[in-house]
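Everything below concerns the one structure shown next.
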Amino acid sequence: MIRDFEAGEIDPLAVGAWILGTGGGGSPYLAQLNLKKLYKDGKRVKLIDPQSLDDGDAVAVVSKMGAPLVGQERLVDPAHLARAMQLMEEYTGRKFRAVMSVEIGGGNALSPFLAGAMLDIPVVDADAMGRAYPEAQMTSFAIGDLPMYPLTLVDCRDNEAIVAKAASWKWMERISRKICTEVGSTAATCKAPRTGREVKDWGVLYTVTKAVSLGRAVLEARAAHTNPVEAVLAHEGGKVLFKGKIADVDRTTTGGFLRGSAMIEGLDGDRGSKVELAFQNEWAVAFRDGQPIAMTPDLICLLDTVSGEAIGTETVRYGQRVTVVALPAPEVLTSAKGLEHVGPRAFGYDLDFKSVFAA
């Protein structure tokens, strides 16, 4: 099935994807404005059911790569995402049937829509994470041991690069991240092309629909003056971890990532306790009074207590009233192989994964 992606779905997609991004993927605001401008100019995007792809179809996997904080200063240009796809077509000699995002998180959830609008090809209702993660090997395609090359990268200065081959997913991350850092820690990329069969077997399916539905639930709660955070929990089967205010933020951009931590002082029933949220582009581990209470791959989301708006690692600031919630992760991420790629040890924490949702 293929259908029109309506203009009225842009805002819900941005709201929902910002929550699912677990602090990363970049703020969707600028991509959201870009997509609205493209729609105003008469361009449109179609959304295709992944099960409608032929097994041999070529599918582009696009994203902005780099540190989210840099993306606030160097604006997203849809033409760069489109060019990364065209460069891949030129290199491989194959035309793409459709395009998808590597992650449904934040602004990167809108990346395939920007490219699809520019090139008039449909967007697949799927991604490769079901959330956002910072590194190439942290995808369902990597968990499935699918090929990790080639990769194309385009920046705003007309630099174009192709990584023709890499020894492993981690080597692809190291090489492409180094190029990205050299061009200013932000660039448009087209990852290794996927076949329709690979998307159906290893993609995290229907995440665009999920993000739009989640965003609508939040927007409807705001309009009805009910609790948007409760709407998120009800929609996703989530749990509240902590309520408080941001007391301190330690944040630095290094190596093409945004790294650091946010300290939250408890309010209401959590008064007298503190939670530290450690991040690498995304929220990775939550420590309450020094003890871990939530960790990747469970989705750790920081929400504005009043509006339910997601707060990113680049937008968190002193004084914000926040609610920390956990949402369930896709099964592929919590498998034994998945935890090797995205569990706490993949981020350098000497912790055995324990899900908030474990019985």
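Within region 107-137, the set of residues being assigned to a helix (DSSP H, G or I), open to solvent by less than 10 Å² (accessible area, probe 1.4 Å) and more than 23 Å from LYS178 (Cβ to Cβ) comprises ALA109, PRO112, PHE113, LEU114, ALA115, GLY116, ALA117.
Yes/no matrix, rows are residues, columns are (1) in contact with a Phe, Trp or Tyr (Cβ under 8 Å, 6 or more places away or on another chain); (2) among the small types (Gly, Ala, Ser):
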{"site": "GLY23", "(1), (2)": "yes, yes"}
{"site": "ASN34", "(1), (2)": "no, no"}
{"site": "TYR39", "(1), (2)": "no, no"}
{"site": "LYS43", "(1), (2)": "no, no"}
{"site": "GLY56", "(1), (2)": "no, yes"}
{"site": "VAL62", "(1), (2)": "no, no"}
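To keep it simple, each residue is scored yes or no on (1) over 17 Å from GLY238 (Cβ atoms); (2) touching a residue at least 60 places away in the same chain (Cβ under 8 Å); (3) aliphatic (A, V, I, L, M).
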{"site": "ILE264", "(1), (2), (3)": "yes, yes, yes"}
{"site": "ASP268", "(1), (2), (3)": "yes, no, no"}
{"site": "ASP289", "(1), (2), (3)": "yes, no, no"}
{"site": "TYR318", "(1), (2), (3)": "yes, yes, no"}
{"site": "GLU331", "(1), (2), (3)": "no, no, no"}
{"site": "THR334", "(1), (2), (3)": "no, no, no"}
{"site": "HIS341", "(1), (2), (3)": "yes, yes, no"}
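One residue stands out among those in region 280-330 that are polar (S, T, N, Q) and modelled with pLDDT of 95 or more: the one that is farthest from GLY107 (Cα to Cα), which is GLN291. So ARG216 clears everything in (1) touching a residue at least 40 places away in the same chain (Cβ under 8 Å); (2) part of a strand (DSSP E or B); (3) not hydroxyl-bearing (Ser, Thr, Tyr) except one condition, right? Which one? Condition (2) is where ARG216 drops out. Of the helices (runs of 4 or more DSSP H) lying entirely inside region 1-91, those containing at least 3 residues that are open to solvent by less than 10 Å² (accessible area, probe 1.4 Å), in contact with a helix residue (DSSP H, G or I) (Cβ under 6 Å, 6 or more places away or on another chain) and modelled with pLDDT of 95 or more are 10-20. Would it be correct to say that GLY312 is within 21 Å of ALA231 (Cβ to Cβ), in contact with a helix residue (DSSP H, G or I) (Cβ under 9 Å, 6 or more places away or on another chain) and either open to solvent by less than 30 Å² (accessible area, probe 1.4 Å) or in a helix (DSSP H, G or I) (or both)? For GLY312, the condition - within 21 Å of ALA231 (Cβ to Cβ), in contact with a helix residue (DSSP H, G or I) (Cβ under 9 Å, 6 or more places away or on another chain) and either open to solvent by less than 30 Å² (accessible area, probe 1.4 Å) or in a helix (DSSP H, G or I) (or both) - is met. Quick one: would you say GLU230 is without any contact (Cβ under 8 Å) to a residue 12 or more places away in the chain and among the charged types (D, E, K, R)? The answer is yes for GLU230.
Residues in region 245-269 that are modelled with pLDDT of 95 or more and acidic (Asp, Glu): ASP248, GLU265.
The set of residues in region 143-189 being open to solvent by less than 20 Å² (accessible area, probe 1.4 Å), part of a loop (DSSP other than H, G, I, E, B) and without any contact (Cβ under 8 Å) to a residue 24 or more places away in the chain consists of ALA166 alone. Do you know which of the residues in region 208-232 that are of a type in the set (Gly, Ala, Ser) and farther than 17 Å from GLU9 by Cβ is most open to solvent (accessible area, probe 1.4 Å)? Of everything passing the filter in region 208-232, ALA224 is most open to solvent (accessible area, probe 1.4 Å). Restricting attention to region 285-307, the residues that are of a type outside the set (Val, Ile, Thr), surrounded by 24 or more Cβ atoms within 10 Å (Cβ to Cβ) and part of a loop (DSSP other than H, G, I, E, B) add up to 2. Select from region 316-334 the residues that are open to solvent by 40 Å² or more (accessible area, probe 1.4 Å) and either over 16 Å from ASP298 (Cβ atoms) or not in a helix (DSSP H, G or I) (or both) and list them in ascending order. Selection gives ARG317, TYR318, ARG321, PRO328.
The values are calculated or read from the model by the stated rules, or taken from the named source; none is laboratory data. Worth saying up front: this structure is predicted, and the values here are computed from it rather than measured. FYI the Cβ positions are ideal-geometry reconstructions off the backbone, even for glycines, and counts take in every protein chain you see. These accessible areas exclude ligands, DNA and RNA; they are computed on the full protein's heavy atoms, side chains included. Shrake-Rupley method; radii C 1.70, N 1.55, O 1.52, S 1.80 Å.
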